[in-house]
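Novice: Below are the structure tokens for one structure; questions will follow.
The values are calculated or read from the model by the stated rules, or taken from the named source; none is laboratory data. All values derive from a computational prediction rather than experimental measurement. Using ideal geometry, Cβ is built from the backbone for each residue, glycine included, and neighbour counts are taken over all protein chains shown.
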Amino acid sequence: MKNNLMIKLKAFLIHFSGSAIILGAFLSIVFFFWYPSPYFELEGVSSLITLLILSVLIAGPLLTGVVYQPGKKGMLFDIIVIIIVQIIFLGYGMHTIYNERPQYIVFNEGWFYVVQASAIDQNKLQNEVLNNSFFASPKLVFNLVPSDPKEKLTIVKAMFSGGKEMHHHAEFYRSYNHYISEITTTKQQTLSKIKKKYPSTLKTINKLEIKENINHQQFIYFQIEGKKEKGIMVLNKRSALPLGVIY
């Protein structure tokens, strides 16, 4: 009996180790490239990650440990089925996470929006803002909203009829660095209002002051909206580069 348990445990550990290596490599890409902080939190991808871990790292190896028995008729077939189902779950999870990854952080009329790869027409992107590399992290862009009131009104009307929101119009994306002055002179969120809404404001600001070695008077603040959460994007007042997010 004891020997049988040790054999099953060994089968479990072998399957677990292989699954851990594959899943670990994938999650490294997720956390360091596709969903770097704070976008992991803003997009709310943790539930899908949890499901992947449970199905790939726990359920698969456990089932292998249960069915593994040397000399058992049909055991190889059972293990092959387990691995195939595991691969299907992993493939589905990888495909979904990749397609829903935050491809652009769009500055649009005083707001930052986290825009997923699946939400825009990739063919309408200009070369200066292309961000299609497999390992690409979210890219900052400026949404050059049409200056013609009629064109803008047409887009707004379409939006209320189920069309794309303004920040999903990829044809208007422009290089972020070319519009620094427009961003820094846009009406910003006031610190007093932010403090009332987000209790963690002062703690986050203090951390950013230490990290960036500058006074908070050099910070400016804009709303940022992800698929799951909203927050306040803290920017450097001179460069307009993101420093952190207040939740």
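Novice: Looking only at residues in segment 97-122 that are of a type outside the set (Gly, Ala, Ser), without any contact (Cβ under 8 Å) to a residue 60 or more places away in the chain and surrounded by 15 or more Cβ atoms within 10 Å (Cβ to Cβ), which one is farthest from Ala59 (Cα to Cα)?
Specialist: Of all residues in segment 97-122, those of a type outside the set (Gly, Ala, Ser) come to 97-109, 111-116, 120-122.
Cutting the leftovers down to without any contact (Cβ under 8 Å) to a residue 60 or more places away in the chain gives us 99, 103, 108, 115, 120-122.
Right, trim to surrounded by 15 or more Cβ atoms within 10 Å (Cβ to Cβ) and you get 103, 108, 115, 120.
Values: Gln103: 32, Asn108: 44, Val115: 33, Ile120: 36 Å.
Ranking the candidates gives Asn108 first.
Novice: Right, something else. Of the numbered conditions (1) surrounded by fewer than 19 Cβ atoms within 10 Å (Cβ to Cβ); (2) of a type in the set (S, T, N, Q); (3) closer than 30 Å to His168 by Cβ, Asn213 fails exactly one; give the number of that condition.
Specialist: Result: Asn213 fails condition (3) only.
Novice: Okay, moving on. What residue, among those in segment 133-148 that are free of Cβ contacts under 8 Å to residues at least 24 places away in the same chain and among the polar types (S, T, N, Q), is surrounded by the fewest Cβ atoms within 10 Å (Cβ to Cβ)? So that I can check it myself, show each step before the final result.
Specialist: First, pick out the residues of segment 133-148 that are free of Cβ contacts under 8 Å to residues at least 24 places away in the same chain: 133-134, 147-148.
Still in the running and among the polar types (S, T, N, Q): 133, 147.
Numbers: Ser133: 9, Ser147: 7.
Checked segment 133-148; the qualifying residue surrounded by the fewest Cβ atoms within 10 Å (Cβ to Cβ) is Ser147.
Novice: So Lys72 clears everything in (1) basic (Lys, Arg); (2) under 12 Å from the mean Cα position of the chain (by Cα); (3) loosely packed, with under 13 Cβ neighbours inside 10 Å except one condition, right? Which one?
Specialist: (2)
Per-residue answers, yes or no, for (1) under 20 Å from Ser175 (Cα atoms); (2) in a helix (DSSP H, G or I):
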{"position": "Ile88", "(1), (2)": "no, yes"}
{"position": "Gly91", "(1), (2)": "no, yes"}
{"position": "Ile97", "(1), (2)": "no, yes"}
{"position": "Phe107", "(1), (2)": "yes, no"}
{"position": "Val114", "(1), (2)": "yes, no"}
{"position": "Ser118", "(1), (2)": "no, yes"}
{"position": "Asn123", "(1), (2)": "yes, yes"}
{"position": "Ser133", "(1), (2)": "yes, no"}
{"position": "Leu140", "(1), (2)": "yes, no"}
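Novice: Can you tell me how many residues within segment 178-190 are surrounded by 14 or more Cβ atoms within 10 Å (Cβ to Cβ) and part of a helix (DSSP H, G or I)? Talk me through it step by step, then tell me what you get.
Specialist: Start the filter on segment 178-190 by keeping residues that are surrounded by 14 or more Cβ atoms within 10 Å (Cβ to Cβ), which leaves 179-180, 183-184, 186, 188-189.
Subsequent filtering for residues that are part of a helix (DSSP H, G or I) retains 179-180, 183-184.
Number of matching residues: 4.
Novice: In segment 112-157, what count of residues is obtained for those that are over 18 Å from the mean Cα position of the chain (by Cα) and either closer than 18 Å to Pro38 by Cβ or among the basic types (Lys, Arg) (or both)?
Specialist: Final tally of qualifying residues: 4.
Novice: Quick check on this structure: which one of Phe77, Phe16, Phe40 is assigned to a helix (DSSP H, G or I), modelled with pLDDT of 90 or more, touching a Ser or Thr at 6+ places or on another chain (Cβ under 8 Å) and not polar (S, T, N, Q)? Show your work before the answer.
Specialist: Numbers: Phe77 fails: touching a Ser or Thr at 6+ places or on another chain (Cβ under 8 Å); Phe16 fails: touching a Ser or Thr at 6+ places or on another chain (Cβ under 8 Å).
Unique residue meeting the criteria: Phe40.
Novice: Test of understanding: among Ile210, Ile246, which residue is more than 15 Å from Val115 (Cα to Cα), of a type outside the set (Lys, Arg) and in contact with a helix residue (DSSP H, G or I) (Cβ under 7 Å, 6 or more places away or on another chain)? Steps first, please.
Specialist: Working: Ile210 fails: in contact with a helix residue (DSSP H, G or I) (Cβ under 7 Å, 6 or more places away or on another chain).
On inspection, the qualifying residue turns out to be Ile246.
Novice: Among the listed residues Lys193, Lys203, Lys227, Lys211, identify the single one that is part of a helix (DSSP H, G or I), of a type in the set (Lys, Arg) and touching a residue at least 12 places away in the same chain (Cβ under 8 Å). Before you say what the answer is, go through the steps one by one.
Specialist: Details: Lys193 fails: touching a residue at least 12 places away in the same chain (Cβ under 8 Å); Lys203 fails: touching a residue at least 12 places away in the same chain (Cβ under 8 Å); Lys227 fails: part of a helix (DSSP H, G or I).
Testing whether each residue is part of a helix (DSSP H, G or I), of a type in the set (Lys, Arg) and touching a residue at least 12 places away in the same chain (Cβ under 8 Å) leaves just Lys211.
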